[in-house]
Structures are given as C-alpha cells and as structure tokens.
1. Report yes if some residue within the stretch 119-133 is surrounded by fewer than 16 Cβ atoms within 10 Å (Cβ to Cβ) and either assigned to a strand (DSSP E or B) or of a type in the set (D, E, K, R) (or both); otherwise report no.
2. Being within 17 Å of residue 175 (Cβ to Cβ) and among the β-branched types (Val, Ile, Thr) is the filter here, so list the residues in the stretch 26-56 that pass it.
3. Pick out the one residue from 10, 38 that is under 29 Å from residue 157 (Cα atoms) and in a helix (DSSP H, G or I).
4. Looking at residue 68, is it crowded, with 21+ Cβ neighbours inside 10 Å, among the small types (Gly, Ala, Ser) and part of a strand (DSSP E or B)?
5. Could you list, in sequence order, all residues of the stretch 168-182 that are of a type outside the set (S, T, N, Q), in contact with a strand residue (DSSP E or B) (Cβ under 6 Å, 6 or more places away or on another chain) and under 23 Å from residue 153 (Cα atoms)?
6. Of all residues being assigned to a loop (DSSP other than H, G, I, E, B), more than 27 Å from residue 64 (Cα to Cα) and of a type outside the set (Ser, Thr, Tyr) in the stretch 13-35, which is nearest to the chain's Cα centre (by Cα)? Just the residue, please.
7. Residue check: is residue 55 assigned to a helix (DSSP H, G or I) and either closer than 28 Å to residue 125 by Cβ or touching a helix residue (DSSP H, G or I) at 6+ places or on another chain (Cβ under 9 Å) (or both)?
8. Tell me yes or no: at least one residue of the stretch 95-103 is touching a residue at least 12 places away in the same chain (Cβ under 8 Å) and either among the polar types (S, T, N, Q) or under 20 Å from residue 144 (Cα atoms) (or both).
Amino acid sequence: MDTRYSEKAVTLAKALARSPRDLPGYLTHLPLWGKRPVDVRLPWFSAGAIRFLDENIVSTDRVFEFGSGGSTFFFAERSASVLSVENDPAWHALVVERLRKRGLANASCELHPLADDSLASFQHSAFSQRISSGTWNIVIVDCHLGFDAARYGVIRPAAFAIARERVAPGGFIVLDDSWMFPELLQPADGWEVKNFIGVGPCRYGVTSTAIVRRLPKP
C-alpha cells in the first residue's frame, strides 16, 4: 500500500468525522463526475471557508480576485461587484464567456499575463497593480504561485502583502491553499485569522483556506 495515499485517506476520514455535514457536498462534487468549480459556481476553497463567506458577504461588498474561477461566480451572485485579474489566456476566455452567458454584468475578469514566474514580473505587471484602483471589502488570493522560491513560490505571498494594504477595515483576505504559507498566518496587531481545514468542492482529499480579517478601527 502506498503510505502517502493511506495517510491522505486517514486525513480525509478525520476531516469528515469532524464535519459530517460536508460529506454530501463532497460526494456530489467529486472530480470523477467531471465537474470543476467553474461549472458548479463555487470557490475551490475548503467547505468551512465557503460557509463562512456565504454567511458574511453583504450585497454592497466590493470584491477583488487575484485569480478567477468558480469563486468569481460565487461572489458575483452575492456582492455588488467583482474584479478579477487572470494571467492565463485560455482560462480567462472561458471565465469571461461563462460570465456573459449567466448575465453577471457586475463581474469583470481582466487578462494581464505575467512575463515569467518571477517576483519582479509580478510586481511590475498590471496583474499586481490593478488592485490599486480601489479599496475592497474582500480580496481573494488564489492565483498562480510562481516558482522561483525554494518551496511554494513567491507570487501569492506578494499578492497577500498588497491585499493587506488595499482591504478595508472590517474586510477579509481569503488565502487559498493556506497550508503552503504558514508564515502568512502568524498573529499580527489589527488582524484576525481563521484557518478552515477540510474537504472542498471538486477536489479529492483535504485542503485549507484562511480568512484573514482586518479588524475595524476602534
């Protein structure tokens, strides 16, 4: 038996035991049925994070996404506006066409390709700078990783750092695959971190998604 897969199976069983209400959705949206998050209009986040967001989004929220997909539709159906930046031309075309077909005029997905996987490419791109057009109630960091760092890349940490500057007091940053970036989840004055570990739609096994809230000013 492959130890790695057996360990993943144990982790999955423990996650479902902790949150049995996630089982029906997990089975319904398994990848073997041929569905992706963009098909079911759900973020590729952990189920606990999706529930938290569904309960806390308000209709006046302005959302910015580093990376587009099922989350774009999820937020567009619940908030005032969504602006996504995407670096992959084929994926951008798919998301834009799906938004058009669903009539989600409050969501915009812009194509801003990155020259390469480097931090410099990200920092000097419209992909990173577009967030500066406003202040946001929710910022999603679920984009291309970049692979010129020793472990999991440099682009998401850089996007997270920018998001901290642009999210409004009381607003949220959503960091997907948070298990990759434990250094970003450390306690900091003025911030509150909730890390949701569990199953999610259209994936096998367990993942984690962190919700990092900028506390309101006293």
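Bear in mind that the values in this text are calculations on the coordinates, not laboratory data. It should be emphasised that the depicted structure is a prediction, and the values quoted were computed from it without experimental measurement. When we count neighbours, we look across all protein chains shown, and the Cβ atoms used for this are built from the backbone with ideal geometry, even at glycine.
1. Checking the stretch 119-133: not a single residue is surrounded by fewer than 16 Cβ atoms within 10 Å (Cβ to Cβ) and either assigned to a strand (DSSP E or B) or of a type in the set (D, E, K, R) (or both).
2. The one that is within 17 Å of residue 175 (Cβ to Cβ) and among the β-branched types (Val, Ile, Thr): 50.
3. 38
4. Judged against the criteria, residue 68 is not a match.
5. The answer is 172, 173, 174, 175, 176, 179.
6. 30
7. Against the criterion (assigned to a helix (DSSP H, G or I) and either closer than 28 Å to residue 125 by Cβ or touching a helix residue (DSSP H, G or I) at 6+ places or on another chain (Cβ under 9 Å) (or both)), residue 55 does not qualify.
8. The answer is yes; a qualifying residue exists.
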